[in-house]
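Below is one structure, written out as structure tokens; comments come after it.
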Amino acid sequence: GKLLVNLNMSLNEPVLRDMIDRGPEKIVLLDDGFQGNDSLKANIAQQVKQHNALHPDRSIDLRTV
């Protein structure tokens, strides 16, 4: 539960939200999985920031590769 990696080439909001809700220390996603959807990528980054603000003791490090 400390690291979640998603190598899916087709990411969507429900899957990403579920990953955040699990509260890992780090989430790693393929940049190509966003399929050029910059708004989805920005939305998920914002949701992680909100999670971190509400739960500073359980902050998530979001990375795309």
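The values are calculated or read from the model by the stated rules, or taken from the named source; none is laboratory data. Being a predicted model, the structure only gives us computed values, none of them experimental. Neighbour counts are summed over all protein chains in view; Cβ atoms, including those assigned to glycine, are modelled from backbone coordinates with ideal geometry. For the accessible areas, the whole protein counts, side chains as well, though only heavy atoms, and no ligand, DNA or RNA atoms are used. Shrake-Rupley method; radii C 1.70, N 1.55, O 1.52, S 1.80 Å.
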Simple label model, 7 Å out from Cα along Cβ direction - V28 to K2, nm: 1.4
With +1 on the Cβ of every Lys and Arg and -1 on the Cβ of every Asp and Glu, and nothing else charged, how large is the dipole of the chain about its Cα centre, in debye rounded to the nearest 20? 160
To the nearest 10 degrees, the tilt of helix 38-54 (Cα long axis) against the first principal axis of the alpha carbons of the chain is 10
With r defined as the distance between the Cβ atoms of M9 and H55 and R0 fixed at 25 Å, what FRET efficiency is calculated, to the nearest 0.05? 0.25
Round to a whole number: what % of the accessible area of the chain belongs to carbon and sulfur, probe 1.4 Å? 50
With both partners inside the chain, how many of the DSSP beta bridges are antiparallel, as a percent to the nearest 5? 0
Radius ratio Rg over Rh of the chain, counting only Cα atoms, Kirkwood formula for Rh: 0.94
For the chain, whose charge dipole is built from +1 on Lys and Arg Cβ atoms and -1 on Asp and Glu Cβ atoms, the candidate among T64, I44, G23 with its Cα farthest towards the positive end is G23
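Accessible area per residue, 1.4 Å probe, Å², for the chain: what's the number? Mind dumping the intermediate values first?
Values: 4220 Å² over 65 residues.
For the chain, the solvent-accessible area averages 65 Å² per residue.
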